[in-house]
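The values are calculated or read from the model by the stated rules, or taken from the named source; none is laboratory data. Nothing here was measured: the structure is a model prediction, and the numbers come from that model. Cβ coordinates were reconstructed from backbone atoms using ideal geometry, including for glycine residues, and neighbour counts include every protein chain displayed.
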Amino acid sequence: MIEWLFDPTIWASLVALTAMEIVLGIDNVVFISIIVARLQPPHRERIRKIGLGLALLFRVIMLFAITWIIGLTAPVFTVMAQEVSWRDLILIAGGLFLIVKATREIHNSIEANGEDGGPLQVASGGFWSFILQIAVIDLVFSVDSIVTAVGMAELVEVMIAAVVISMFVMYLASGPISEFIERHPTTRMLALSFLFLIGAALVADGLEFHIPRGYIYFSMGFAAIVETMNVWAQRRRRRKAARAK
């Protein structure tokens, strides 16, 4: 049982799987950051912890049901010579949920902000509705994450360790990301566009049209760098204007 602790190949698979889980967890972090941004300040930290806790719980439960998870990839029925599995249906449903959610949030942001560019008003209620939304998308991302884990590692212990480490990293990152989006409202629209893009990618995966995640994350990273430069430029202009007064 302990021998695997001294096996370098297992450590290599742990590092690789942890890195992959962190990358896949970016989607979860962005979604939770968008959700908590609409809550009143006393609820934000609580919702964020619950959301990440649910994500970890779903992943660990699914790891102990690997046989069932693998079964999700088996064809259930065929449509126009295309085999459809439960995993495909979950990804399509989750992707459509993200697309609808991102579209509605973009609409609400535009309607709330008008032309003054002010921040979106914080939602006054619906605490449990936010929990339900996070739980649904956590479930979708967990299925995608665990299917990937099963293909990269053989030991359940390694998978659980990778998931726990990645969730810890996600927890550390979610706070700063949420605060950054809250301080800079323009990044909210960028984050919503990311959610729309991720939703489209999930639907494409469910339809057996795989879009390499590297392309998606590269475009997201490039757009984030550009937006960060814009934020810095705006900050410098405000400082110059303040000194001029």
Run Leu96 past the list (1) within 22 Å of Ala201 (Cβ to Cβ); (2) modelled with pLDDT under 80; (3) surrounded by fewer than 17 Cβ atoms within 10 Å (Cβ to Cβ); (4) out of contact with any strand residue (DSSP E or B) (no Cβ under 9 Å at 6 or more places or on another chain) and report the number of the one that doesn't hold. (2)
For segment 110-133, does any single residue satisfy the condition of being under 16 Å from the mean Cα position of the chain (by Cα), under 23 Å from Ala224 (Cβ atoms) and either surrounded by 15 or more Cβ atoms within 10 Å (Cβ to Cβ) or modelled with pLDDT of 70 or more (or both)? no
Unique match (being in contact with a Ser or Thr (Cβ under 8 Å, 6 or more places away or on another chain), in a helix (DSSP H, G or I), surrounded by fewer than 20 Cβ atoms within 10 Å (Cβ to Cβ) and free of Cβ contacts under 8 Å to residues at least 40 places away in the same chain) among Phe168, Phe180, Phe222, Phe218: Phe180
Can you tell me which condition Val84 does not meet? The list is (1) surrounded by 12 or more Cβ atoms within 10 Å (Cβ to Cβ); (2) over 21 Å from the mean Cα position of the chain (by Cα); (3) at pLDDT below 80, and all the others hold. (3)
Have a look at Thr187, Thr148, Thr103 and point out the one that is surrounded by fewer than 18 Cβ atoms within 10 Å (Cβ to Cβ), more than 14 Å from the chain's Cα centre (by Cα) and either modelled with pLDDT under 80 or not in a helix (DSSP H, G or I) (or both). Thr148
Do you know which residues across segment 190-215 are surrounded by fewer than 12 Cβ atoms within 10 Å (Cβ to Cβ) and hydrophobic (A, V, I, L, M, F, W, C)? Phe209
